[in-house]
Each structure stands twice: as C-alpha cells, then as structure tokens.
Amino acid sequence: MDFWLDPGIAAIIPPWGGELVIDLLPLIDFARLGSAEPTWLMGYSDISTLLFPLTLLADVATAHGTNLMDSIPGQSDPLSTHCLDPLCRAPGESVEQVSSHHHQDHWVDFTEDPGRGFNLTSPTRWKALGGNDDRQVAIRGRMIGGSLDTLACLVGTRFGNLPDFTRQHRRDGVILYLENAELAPPAVFRHLTQMRMAGWFEGLSGLVLGRSAAGAPDAHDDLTYREAVEQALGDLALPVILDADIGHVPPQMTILNGALAEIFAGDGRGRLIQTLAP
C-alpha cells in the first residue's frame, strides 16, 4: 500500500512470484488504490493473484509479465528486452508484440549463473483448439487473466468475480488468458471445469492459454495437458488459443489487464496488439 500510494514510485516489479499472495487480499484497500495516482504492478505466477483483483476491484490496469529476476542484462529475445514498452504507452496509444521464435524448456539456476539469459531452443508454435491447429483465429476484447494455479482459488470470492467484469464490458468483449505452472492434467481439467461451472467462460470473446510448465504427466495419469484442455473446453462456442507466450515457459508477452486488445493466431504464429483505454 505504501509503495502504491507513493507518487515517487512509478512501477512495482517483484523479484519472483511466490506462493501465498492470497493471504494479502483481505488486507488491501482496493478503493483507496483505485482513487490514487496510477502505479504499475508487473509480474506473473502468484503475483497474478493480486493483479487480477486490482483490475476488477480498483479498476486499474495491471501488467502480467516478466518478473525482476528475469530482466537480467543477459536476455536477448525481443519479448524480454522490450517487456517494459507496454507500460510506457499513453492512454489511447497501442503496442504490438509478436510471438517468439523459440522458447525455453528448462529453467537456469540463478544461483549458479545469475547473468545467463534464457535457453531458447524449442520452436514456438501457437495453436487453435479444435480442428486444424494452424487455422486463422482473431479475438478482440479487454484482457484479463493470470495463473490458472492461483486464480482458480479466487472463483466464488469477491476477488474473482469475472462474470461481473464480463458483463460490465460486454460492448468491448473480454479475453481471458490463463497459464499453467505446476498443475498435473487432472488438476487442469478440474480447475477449468470449476471455472466453467462458475460462469467464467460465459460471454467471453475468446480464451488464450499459455504453454504449460508442468512437464510430462506422471505414469499414473491418464490425461495429457492437451487432452485435459480439450475435455474441459473443447465444446465451448468461442475461439481458444493454445501455447501462447504467456507465463512460466519463457519468453512471455507483457499483457495489460484491462487494455483493449486484438489477438491474431495462425500458421503457428501469434500477434497481440493492446491499447490503453483513455
């Protein structure tokens, strides 16, 4: 609260995500933050537990993107080196980001090599759920979302009333984005199904899922990540994009919660254009 209300602080960027941000939510005066001079908060993972309700309850834009520990001088990919660009736009201005060419499969130990950048060796390929993976998809609406692992815990609380946000912005449309950090496929299915039962997907313009960081399923699992998503969402009457540059499998785009956006996917590539609403 002190950082946010300090006019000399323009942005708050935590070093990494954490585990227990949900414990802070009842302590935050969202109305006071909403009436203060805007301050950027940027991060991902458990930080999205705070980003999400800040946009819903305080009506301010927040930035889902690179944590401080990922912003080392050794990074060279365009998404990482330009991660702060979307925060520098004035209301009404637009910023465009395109999908990475390669992404990282395994994290580097910062304690052993703090200056090493991402090991981007795996080809990036955005996909469309259902039918041809490479077909053209276009989605327009206001961005909102974060970590599936943690946002699922906000379902049914005042901190996670996405259906109300969607109703408020039905004219613009709403794009929900989610990314999986640690959930095994059965848990992915359960969380997506819970969100669906709670009305989180009703009225959306589209849904965008980041690459899953959970790795291969255990030997006893009957589902893959893709199968879990297909079983939970395959019959939704809205476009769903998979394996986007969001979250725990870097590099990632900087997504502005509350911004008006256009997302285009096709032939394995993706493009995100965001505009800060006046």
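The values are calculated or read from the model by the stated rules, or taken from the named source; none is laboratory data. Keep in mind that this is a model prediction, so the values were computed, not measured. Here Cβ is always computed from backbone atoms with ideal geometry, including for glycine, and neighbour counts include all displayed protein chains.
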Cβ contacts < 9 Å: first residue farther than 15 Å from Ala261 by Cβ, restricted to the range 159-173; second residue at pLDDT 95 or above and surrounded by fewer than 13 Cβ atoms within 10 Å (Cβ to Cβ), any location; separation 6+ or different chain. Result?
Phe159/Pro26
Look at the range 263-278 and say how many of its residues are in contact with a Gly (Cβ under 9 Å, 6 or more places away or on another chain) and either more than 23 Å from Trp200 (Cα to Cα) or surrounded by fewer than 22 Cβ atoms within 10 Å (Cβ to Cβ) (or both).
5
Residues of the range 1-25 classified as within 11 Å of Ile47 (Cβ to Cβ), without any contact (Cβ under 8 Å) to a residue 60 or more places away in the chain and β-branched (Val, Ile, Thr), total
2
Return yes when Ser76 is in a strand (DSSP E or B) and over 20 Å from the mean Cα position of the chain (by Cα) and no when it is not.
no
Filter result (of a type in the set (Gly, Ala, Ser) and surrounded by fewer than 21 Cβ atoms within 10 Å (Cβ to Cβ)) within the range 60-90
Ser71, Gly74, Ser76, Ala90
Test result for Ala31, among the aliphatic types (A, V, I, L, M) and either assigned to a helix (DSSP H, G or I) or surrounded by fewer than 22 Cβ atoms within 10 Å (Cβ to Cβ) (or both):
yes
Just one of the numbered conditions (1) touching a helix residue (DSSP H, G or I) at 6+ places or on another chain (Cβ under 9 Å); (2) of a type in the set (A, V, I, L, M, F, W, C); (3) surrounded by 13 or more Cβ atoms within 10 Å (Cβ to Cβ) is not true of Leu20; which one?
(3)
Scope the range 44-73; condition among the charged types (D, E, K, R) and under 13 Å from the mean Cα position of the chain (by Cα); matching residues:
Asp46
Out of curiosity, is Thr124 closer than 25 Å to Leu207 by Cβ, in contact (Cβ under 8 Å) with a residue 12 or more places away in the chain and in contact with a Gly (Cβ under 6 Å, 6 or more places away or on another chain)?
no
